[in-house]
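Step one of this worksheet: look at the structure below.
The values are calculated or read from the model by the stated rules, or taken from the named source; none is laboratory data. Owing to the predicted nature of the structure, the values given are computational and were not obtained by experimental measurement. Every residue, glycine as well, gets a Cβ built from its backbone with ideal geometry; the counts of neighbours run over all protein chains shown.
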Amino acid sequence: MKKNRGWLILIVFFSIAIGGILFSRVWAGSDLFRDLEPLIDTYQTIQTQYMEKVKPSKLIEGAIKGMIESLEDPHSHWMDPRSYEEWQTEREGKFGGLGIQITIKDNFLTIVSPLEGTPASEAGIEPGDRIIKIEDKSTEGITLIEAARKLRGEPGTQVRITIEREGEKKYLDFNLTRAIIKSPNIKQRILPNDIGYIKIMSFMDENTDEDFKGALAQLEDRKIEGLILDLRYNSGGLLIQAVEVADEFLDSGVIVSIKGRDSSQNEIYHARPGGEAVNIPLVVLINGGSASASEIVAGAIKDHNRGILMGIKSFGKGTVQQIFPLANEGAIALTTAKYYTPSGESIEGKGIEPYMKVEAFKPTEEEKKTLAQLKKSKWVKEFLAKYPHWEEMDLTFFLDRLKEEGIEVEVDLLKKFLREEDKDRENDYLNDLQLLQALKLLSK
C-alpha cells in the first residue's frame, strides 16, 4: 500500500507543480523518482504523523515555494492562484497601485524604479530605496508576492511605507494613496536650440516601438539638431520593444544576445539597415532606476559608440523571466536566460556605467530645512498668484518678505522650489541637472 500511495502522491504533485506530466513518463523516469522519493516520504510522514491535519495543497505549495527559493534568484518566484490572478488583474489596469517596480536585493525589498506621474514618484520615492516596513510591520524575509499584495489595493485607499535611503540618517515615512496606474508611455518635446527630447517610461506596452517612431517623426519634422533619449526610471519591459527602439539608432551590428541553459535557447538580435535616427547626435540619460529592457538600449548605444550615455550607473538587471502557469491555477516566474550587451558583457548585478557621470540634484541638510520652511511659508501661494509667469527680477521683493519670516534662501534654490510648486512644465527642465548637461552638450 505504501508504494501505491507514494505513486498517487507523486502524480498529484506533478499535476499541480509541473502541469501534466503523464504517469507513464514518470514511471519511465526512474532517476526522477529516486530524486523525488525523499520529498514523497516527507509528505507521507507529515500527513500521517504530524500532530494536526494539514491540507495537501499547503504542503505542495510549500514544496514549490521551497524549490524556487533554493535557486537564490531574486527574480524567480512562485505565485499561488490568488497572487497569479491579482498579477493578471494588475496588468489589465484594474487594481490600484503605487507605480513602483520592486525586487529583492541583498535580502532587502528594494525599489527598482518609480513610474513618472504615479503616487510613488509624486511622493519622492527614489530608485534604490529600501522598504523597511509596510503599515509599520517589518518586511524582513518578505517575498515579492507578499509585498505586492500588501502594497496594492483599492484605488483611493492609503498604505504607509517606511523607507531606508542611502545618505539619510533616519528612516522616511510615506503615506501613499493607491491609484490606477495609467500614464503616457512616451513623452516628447522641443528644448532650446532645437534639441529634441523623448522620454520612454516603460517598455511594457506592445506599441512602445511604434509610439517611439511616431514621436521621433514629429521631432524630425521640426528639424531637430540633436536628441536626448531619457531612460531614467525606466524599469524595463518587453525585450522585443527594446530591440526595436535600439534598432532605430543603429545600421548594423549586434543589439543584444540572449543565452539560456543550452544553445537551443540562444538568440542574437542584429540591427537592420534603415534606422530613422542613425545620424542624429544623441545623448542617452540613465540612472539607478534604468533596468532590464532600458539597459539593453543603453548597452547597445554605448558599445557601438552611437551616442553618449550620461547620468549615473543603471540598476543592473540582466536576466529574462518567463511566466509558467501551473495546473492548480498558480504560476511560477522563472529566470530562463541572461542577456549580454554587444561587447559580450552581462550587466546582471553590475549595471551600465555612463560615459559622463552627472548626479541629479540632492539638497544638503541645510537646504532640506530651507525647503521645508518654504513649504510652510504663507507668502509662496500669494507670490505665485500675483506672478504666475514670474521672472528673476520679480524675486527681489519676495526674498525680502521671506527674510521677514526668518527664511534665508539662495536665489537658485528658490527658483527651483517655485518651478516645482507652480508645476511649470515649460521650464521644468531647468530643475533637471542631468537634462541640462545633456542639452548643453548637444547645443555646442
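Which one of these is among the aliphatic types (A, V, I, L, M), in a helix (DSSP H, G or I) and surrounded by fewer than 17 Cβ atoms within 10 Å (Cβ to Cβ): 60, 46?
Residue meeting the stated conditions: 46.
Quick check on my filter: what residues within the stretch 231-249 are in contact with a Gly (Cβ under 9 Å, 6 or more places away or on another chain) and farther than 18 Å from residue 289 by Cβ?
Matches in the stretch 231-249: 246, 247, 248, 249.
What number goes with the only condition from (1) at pLDDT below 95; (2) in a loop (DSSP other than H, G, I, E, B); (3) surrounded by fewer than 15 Cβ atoms within 10 Å (Cβ to Cβ) that residue 305 does not pass?
The number of the failed condition is (1).
Could you check, for the stretch 218-227, whether at least one of its residues is more than 24 Å from the chain's Cα centre (by Cα) and of a type in the set (Val, Ile, Thr)?
yes
Could you identify the single residue in 375, 444 that is free of Cβ contacts under 8 Å to residues at least 60 places away in the same chain, within 21 Å of residue 193 (Cα to Cα), out of contact with any Pro (no Cβ under 6 Å at 6 or more places or on another chain) and exposed (fewer than 11 other Cβ atoms within 10 Å of the Cβ)?
Matching residue, one of 375, 444: 444.
Hey, among the residues in the stretch 310-320 that are over 20 Å from residue 239 (Cβ atoms) and in a strand (DSSP E or B), which one's farthest from the chain's Cα centre (by Cα)?
Looking at residues that are over 20 Å from residue 239 (Cβ atoms) and in a strand (DSSP E or B), I get 310.
Which of the residues belonging to the stretch 120-150 are under 16 Å from residue 100 (Cα atoms) and of a type in the set (A, V, I, L, M, F, W, C)?
Within the stretch 120-150, 120, 123, 125, 131, 132, 134, 144, 145, 147, 148 qualify.
Can you name the residue in the stretch 328-344 that is surrounded by fewer than 14 Cβ atoms within 10 Å (Cβ to Cβ) and not polar (S, T, N, Q) and, of all such residues, is farthest from residue 312 (Cα to Cα)?
Applying the filter and picking the extreme gives 329.
Looking only at the stretch 76-87, decide whether some residue is in a loop (DSSP other than H, G, I, E, B), over 15 Å from the mean Cα position of the chain (by Cα) and modelled with pLDDT of 85 or more.
yes
Could you say which residue among 380, 411 is over 23 Å from residue 124 (Cβ atoms) and either within 35 Å of the chain's Cα centre (by Cα) or in contact (Cβ under 8 Å) with a residue 40 or more places away in the chain (or both)?
411
Which of (1) more than 24 Å from residue 255 (Cβ to Cβ); (2) modelled with pLDDT of 95 or more; (3) of a type outside the set (A, V, I, L, M) is the odd one out, the single condition residue 167 does not satisfy?
Checking residue 167 against (1) more than 24 Å from residue 255 (Cβ to Cβ); (2) modelled with pLDDT of 95 or more; (3) of a type outside the set (A, V, I, L, M), the one that fails is (2).
Across the stretch 130-158, what is the total count of residues that are closer than 20 Å to residue 75 by Cβ and in contact with a Ser or Thr (Cβ under 8 Å, 6 or more places away or on another chain)?
Residues meeting the conditions: 7.
Being of a type in the set (Ser, Thr, Tyr) and either touching a helix residue (DSSP H, G or I) at 6+ places or on another chain (Cβ under 9 Å) or buried (at least 17 other Cβ atoms within 10 Å of the Cβ) (or both): is that true of residue 252 here?
Criteria not met by residue 252.
Restricting attention to the stretch 127-141, which residues are surrounded by fewer than 20 Cβ atoms within 10 Å (Cβ to Cβ) and either more than 18 Å from residue 166 (Cβ to Cβ) or under 13 Å from the mean Cα position of the chain (by Cα) (or both)?
Listed by number, the residues that qualify are 128, 134, 135, 136, 137, 138, 140, 141.
Suppose the filter is part of a strand (DSSP E or B) and free of Cβ contacts under 8 Å to residues at least 12 places away in the same chain; does residue 323 pass it?
yes
To keep it simple, each residue is scored yes or no on (1) closer than 24 Å to residue 316 by Cβ; (2) at pLDDT 95 or above.
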position	(1), (2)
195	no, yes
202	yes, no
214	no, yes
227	no, yes
230	yes, yes
239	yes, no
244	yes, yes
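Please enumerate the residues belonging to the stretch 221-242 that are under 16 Å from residue 311 (Cα atoms) and charged (D, E, K, R).
Selection gives 230, 232.
Among the numbered criteria (1) in a strand (DSSP E or B); (2) of a type in the set (A, V, I, L, M, F, W, C); (3) surrounded by fewer than 23 Cβ atoms within 10 Å (Cβ to Cβ); (4) modelled with pLDDT of 95 or more, which single criterion is violated by residue 284?
Just one mismatch for residue 284, condition (3).
Determine whether the stretch 1-17 contains at least one residue that is at pLDDT 75 or above and under 30 Å from residue 338 (Cα atoms).
no
If you go through the stretch 319-326 one residue at a time, do you hit one that is surrounded by fewer than 20 Cβ atoms within 10 Å (Cβ to Cβ) and over 19 Å from residue 101 (Cα atoms)?
yes
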